[in-house]
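Written out below as structure tokens is the structure these notes cover.
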Amino acid sequence: MRKFWLIPLLFFLLAGLPLRCRAQEIHDTELYARAACLMDADTGRVLYSKEGEQQMPMASTTKIMTCILALELGHPDEVVTVSANAASQPKVHMGAQAGEQFLLQDLLYALMLNSDNDAAVMIAEHLAGGTETFAEKMNLKAREIGCTNTYFITPNGLDAEDSYGVHSTTAEDLALIMKYCIMESSQKDMFLEITRMPSYTFWNQAHTRVYNCTNHNSFLDMMDGALTGKTGFTADAGYCYVGALQWEGKTLIVSLLACGWPNNKGYKWSDTKKLMTYGLKNYEYRDVFDKKELPEIPVTDGIHEDLGIDEIAVTPVVYGASAQEQSLWLLLRSDETVTVDYQIPDHLEAPVTEGQQVGCVVYRLQNEVLKEYPVYASRSIGERNFAWCLRKVEEKYRQ
């Protein structure tokens, strides 16, 4: 008996193949957060965004900026004295008393593990003389990183407003700040060491009181490759979170704003896992560098020594990158196609200098520029003049 049942089975299996290759979508309605971002930490490219440019309060996720600035501007062994202002900060707090002294490094653990508001103020006052001056440094650093819709007023993220605006950021800006903390800052290793510590215990300098810190970033135990993160909550901001994961060569960042209010504390973990899983399953690295050989460009009225009087001068062109750098690995979905635009002129006007930029090659994904390589002339071409023409005529007739 012929096994005709194999035919529909085979058809079913083959029909299913394209579906397994098709990129999976994620919809805004699947997330609890009012604003969310999934970012490729290597390039800063936004892989998914829900109201990602909407400016909103961000609560204690603020403290990642406070921490990285403290690491860059201060020294771990500096002694910090508690002011009356710092001691008066609301919970969550260490409960430190005015006049107590601590090492800066210890306060960073209190800041990032317990999310202590008084620790943030102690750090700001110590490094900048006051919270307002420290906030100016925070805003300057945010602009340097590339944030366009972020405004810091406090070092701890408590709800605040002044004549310039509300203490706030966007999901995309918050992800950019985390990218800086873990990928770019000179203190990225120390930032990760602090924020990954499960618990930490320290004394004040007088050894009269001991303080215990416990890491509240539950995401560290939720997914393989979880790197770091910071929670936050205020009445205006709701539950917020920013975290990073590194797995199978991919480094992803998720940021969430207004991800529920009490009693929905677990929403942020659900959204974070959903976005991280989406990124891991649907994005793979591909080398999209186009190996096309660049053309030689004719040079109008150009000359060089080996050129005859009736020949046209040309200059070869080269990428502004070494042979080793001529690869472009990007995290892409299976349905994403990168386009390459060769912006190279069909001719040049003499004179041309070796090393002169004559064009560029632009890599785009939809309308977003991903990479731009300059293109340089690799030969100098002089300008044709009467003396050169006369010399070439003489050479021709002497032959």
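How many of the residues making up the range 269-301 are in contact with a Leu (Cβ under 9 Å, 6 or more places away or on another chain), open to solvent by 10 Å² or more (accessible area, probe 1.4 Å) and in a helix (DSSP H, G or I)?
Residues flagged as in contact with a Leu (Cβ under 9 Å, 6 or more places away or on another chain), open to solvent by 10 Å² or more (accessible area, probe 1.4 Å) and in a helix (DSSP H, G or I) within the range 269-301 amount to 5.
Kindly indicate whether residue 161 is open to solvent by 60 Å² or more (accessible area, probe 1.4 Å), of a type outside the set (Val, Ile, Thr), under 13 Å from the mean Cα position of the chain (by Cα) and on the phi < 0 side of the Ramachandran plot.
Spelling it out, it is not the case that residue 161 is open to solvent by 60 Å² or more (accessible area, probe 1.4 Å), of a type outside the set (Val, Ile, Thr), under 13 Å from the mean Cα position of the chain (by Cα) and on the phi < 0 side of the Ramachandran plot.
Hey, among the residues in the range 122-140 that are outside any loop (DSSP other than H, G, I, E, B) and over 26 Å from residue 196 (Cα atoms), which one's least open to solvent (accessible area, probe 1.4 Å)?
The extreme case among them is 128.
Could you count how many residues in the range 369-399 are at pLDDT 90 or above and exposed (fewer than 11 other Cβ atoms within 10 Å of the Cβ)?
1
Go through the range 226-237 residue by residue and tally those that are within 19 Å of residue 275 (Cα to Cα) and not basic (Lys, Arg).
6
Give the residues of the range 70-121 that are open to solvent by less than 10 Å² (accessible area, probe 1.4 Å), of a type in the set (Val, Ile, Thr) and in contact with a strand residue (DSSP E or B) (Cβ under 9 Å, 6 or more places away or on another chain), sorted by residue number.
80, 82
Let's see how each residue does on (1) open to solvent by less than 30 Å² (accessible area, probe 1.4 Å); (2) of a type outside the set (Val, Ile, Thr); (3) farther than 28 Å from residue 98 by Cα; (4) in a loop (DSSP other than H, G, I, E, B):
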{"residue": "156", "(1), (2), (3), (4)": "yes, yes, no, yes"}
{"residue": "175", "(1), (2), (3), (4)": "yes, yes, yes, no"}
{"residue": "193", "(1), (2), (3), (4)": "no, yes, yes, no"}
{"residue": "201", "(1), (2), (3), (4)": "no, no, no, no"}
{"residue": "212", "(1), (2), (3), (4)": "no, yes, no, no"}
{"residue": "224", "(1), (2), (3), (4)": "no, yes, yes, yes"}
{"residue": "230", "(1), (2), (3), (4)": "yes, yes, no, no"}
{"residue": "236", "(1), (2), (3), (4)": "no, yes, yes, yes"}
{"residue": "241", "(1), (2), (3), (4)": "yes, yes, yes, no"}
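Does residue 339 meet the test of being among the polar types (S, T, N, Q), touching a Lys or Arg at 6+ places or on another chain (Cβ under 7 Å) and open to solvent by 50 Å² or more (accessible area, probe 1.4 Å)?
yes
The values are calculated or read from the model by the stated rules, or taken from the named source; none is laboratory data. These figures come from a predicted structure and were not determined experimentally. Here Cβ is always computed from backbone atoms with ideal geometry, including for glycine, and neighbour counts include all displayed protein chains. When the accessible area is computed, the model is the full protein with side chains, heavy atoms only, and any ligands, DNA or RNA have been set aside. Shrake-Rupley method; radii C 1.70, N 1.55, O 1.52, S 1.80 Å.
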